[in-house]
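A short reminder: the numbers here are calculations on the coordinates, not readings from a lab. No experiment lies behind these values; they were computed from the predicted model shown. Here the Cβ is made from the backbone with ideal geometry for all residues, glycine too, and neighbour counts use every protein chain on show.
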Amino acid sequence: MKHDIPPELVELLRANPQSAALTGAGVSAESGIPTFRDAQTGLWARFDPLELATPQAYERDPDLVWRWYRWRRELIGQAEPNPGHRALASLEGLLDEFTLITQNVDGFHRAAGSRRLLELHGNINRTVCSRDRTPMSGFGEADSAPRCGQCGAPGRPDVVWFGEALPMDALQDAFEAARSCELFFSIGTSTAVEPAASLPFVALEAGATLVEINPERTALSDDAHHVITGMAGAVLPALVSEAFGQRV
Ligand code: BV8
């Protein structure tokens, strides 16, 4: 399906603007990873991610939360980055200044080649001690959270739960990128989770051209200069191909 990439956007991209992009779970949907708003499948269908991705859930039942993350890591381990991830990695090489800010914890942007990457919500493939965040190697595919070798506390995924602070450096760099860019993409996110959801609005207020790529409308759609309705895995390669003649 051909995607109508606005000609003004193609022209703007060719002018090599300082750019940034915020991605959400929708960018990994075409890799087969359920988004937060999709109903979870199988055993996890009856759990609400907004409930499970919290320190309270982990306090209450660390092994249940551990098993949920093990299930998600297995999904990710059986999947791979899709053309949307690869197109964003290409953009990093085609533009002088392109900062990729992601809410996703699956590691697919790095796996696709993105290096100027800010992981606001951590990375599910890393395990840390729940007491002092000491990195722990391996996940222990067992049914219960592995224990920290230093202090015996249970391990946890190195992700940011609801109610937890985001990594300060990544967050500051993300707001700096949003404030200083001329072109900001919001891709595959429902723009519902703060403080990440504020980034597109900060870019808009700073005078950037705002582009949203999503099959559905979101809280951002009315404010975006361009809303490209479609799947990231199709729209992003079309964008890179139209603007730079490069296939991903
Ligand atoms: C904080 C890691 C302060 C874990 C995640 C009221 C009460 C309580 C709290 C709050 C409140 N109001 C605001 C808050 C704060 C809260 C928040 O925003 N809550 C929301 C629910 C209201 N935020 C926090 O708690 C943050 N921390 O504020 O701390 C603080 C400060 C100092 C000291 C202490 C504390 C922490 C937020 C981070 C939470 N962790 N993930 C894990 O993954 O397990 S968030 C998680 O959900 C994801 O990372 C992601 O960010 C979010 C889901 O959003 P999306 O990525 O947008 O995904 P979603 O499913 O929603 O949408 C998918 C979109 O893709 C859709 O639009 C769909 O149309 C589109 N799509 C589908 N297919 C495609 C597609 N698009 C393109 N192509 C496709 N093929």
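A few comments on the model shown:
- If both residues of a DSSP beta bridge must be in the chain, then about 25% of such bridges are antiparallel.
- Over all distinct Cα-Cα pairs of region 107-159, the Kirkwood formula returns a hydrodynamic radius of 12.0 Å.
- Cα gyration tensor shape of the chain, rounded if a/c is under 1.5, else prolate or oblate by comparing a/b with b/c: prolate
- Normalised contact order of the chain, rounded percent, pairs of Cα under 8 Å and 6 or more residues apart: 25
- Dipole-positive endmost among Ile213, Ala234, Val10 within the chain (Cβ charges, Cα centre): Ala234
- Mean separation of Cα pairs under 8 Å and 6 or more residues apart, divided by the residue count, gives region 71-187 a relative contact order of 20 percent.
- Among the GluC sites (Glu not before Pro) in region 183-242, those located in a DSSP loop and surrounded by at most 10 other Cβ atoms within 10 Å of their own Cβ are Glu216.
- Alpha-carbon centroids, region 125-180 and region 82-113: separation in whole Å: 22
- Charge context of Pro215, other residues only, Cβ under 15 angstrom, K/R +1, D/E -1: -3
- Taking 7 Å steps out from each Cα toward its Cβ at Ser144 and Glu8 produces label points 6.1 nm apart.
- Neighbourhood net charge (13 Å Cβ-Cβ; Lys/Arg +1, Asp/Glu -1) for Ala29: -3
- DSSP bridge orientation in region 141-248 - percent antiparallel, rounded to nearest 5: 10
- Each distinct pair of alpha carbons in region 12-58 adds a 1/r term; the inverse of their mean, the Kirkwood radius, is 13.5 Å.
- Helical content alone sets the calculated 222 nm signal of the chain at -10000 deg cm²/dmol, taking -39,500 (n - 2.57) per DSSP H segment of four or more residues and averaging over every residue.
- Helices meeting the span-like rule in the chain (full DSSP H runs, Cα extent of at least 15 Å along the helix axis, mean Kyte-Doolittle score of -1.0 or higher): 62-77, 83-94, 168-180, 232-244.
- Computed extension gain for Asp63 through Ala39, at 0.36 nm per residue and net of the alpha carbon distance, reaches 6.5 nm.
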